[in-house]
1. Residues in the range 73-89: is at least one closer than 14 Å to D33 by Cα, free of Cβ contacts under 8 Å to residues at least 24 places away in the same chain and not aliphatic (A, V, I, L, M)?
2. For the structure I just gave you, tell me whether T90 is within 21 Å of S115 (Cα to Cα) and surrounded by 15 or more Cβ atoms within 10 Å (Cβ to Cβ).
3. Name the residues in the range 97-115 that are among the polar types (S, T, N, Q), within 15 Å of A23 (Cα to Cα) and either open to solvent by 30 Å² or more (accessible area, probe 1.4 Å) or at pLDDT 95 or above (or both), would you?
4. Considering only residues that are among the small types (G, A, S) and under 14 Å from T90 (Cα atoms), which ones fall in the range 1-34?
5. For the range 63-72, what are the residues that are open to solvent by 60 Å² or more (accessible area, probe 1.4 Å) and more than 11 Å from the chain's Cα centre (by Cα)?
6. Among the listed residues S53, S7, which satisfies the condition of being touching a residue at least 24 places away in the same chain (Cβ under 8 Å), on the phi < 0 side of the Ramachandran plot and not hydrophobic (A, V, I, L, M, F, W, C)?
7. Taking only the range 1-29 into account, find how many residues are of a type in the set (S, T, N, Q), touching a Ser or Thr at 6+ places or on another chain (Cβ under 6 Å) and at pLDDT below 95.
8. Just the residues that are open to solvent by less than 50 Å² (accessible area, probe 1.4 Å) and modelled with pLDDT under 95, please, taken from the range 35-61.
Amino acid sequence: QVQFVESGGGLVQPGGSLRLSCAASGSIFSLYDMGWYRQAPGKQREYVAGISSVGGTHYADSVKGRFTISRDNAKNTVYLQMNSLKPEDTAVYYCNADPFLSTSWGQGTQVTVSS
């Protein structure tokens, strides 16, 4: 079973940037399409961005043009570069397969965008 550990969150001012990382266990990481998801207080978890096993990417409209997802299969890691951050990006960010594996959610990493 694949497990994911997210890192890189923090407090940033509006307009700032953060880079999130997600380390995956297991030798078959490269076969998975991967996604980043987020959950804001009082809201349901939502899809943010995805990357296929061969590198094709797609984004939620709310982050398109500001966020970039990438992966390094040699390191079993997926990244989310977040630029031009807005207060509405405040959430706990998770990575998982795409579509997600319900038993593989990690602890997530908190991103807070505030002045």
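The values are calculated or read from the model by the stated rules, or taken from the named source; none is laboratory data. Since the model is a prediction, treat every value here as computed from it, not as a measurement. Heads up, the Cβs are rebuilt from the backbone with ideal geometry, glycines too, and the neighbour counts pull from every protein chain shown. The accessibility values were calculated without ligands, DNA or RNA, using every heavy atom of the protein model including side chains. Shrake-Rupley method; radii C 1.70, N 1.55, O 1.52, S 1.80 Å.
1. Looking for residues that are closer than 14 Å to D33 by Cα, free of Cβ contacts under 8 Å to residues at least 24 places away in the same chain and not aliphatic (A, V, I, L, M), one finds none in the range 73-89, hence no.
2. yes
3. If the condition is that a residue be among the polar types (S, T, N, Q), within 15 Å of A23 (Cα to Cα) and either open to solvent by 30 Å² or more (accessible area, probe 1.4 Å) or at pLDDT 95 or above (or both), then Q107, T109 are the ones that fit.
4. If the condition is that a residue be among the small types (G, A, S) and under 14 Å from T90 (Cα atoms), then G8, G9, G10, G15, G16, S17 are the ones that fit.
5. Selection gives K64, G65.
6. Selected residue: S7, the only one of S53, S7 that is touching a residue at least 24 places away in the same chain (Cβ under 8 Å), on the phi < 0 side of the Ramachandran plot and not hydrophobic (A, V, I, L, M, F, W, C).
7. Number of matching residues: 1.
8. Listed by number, the residues that qualify are S53, G55.
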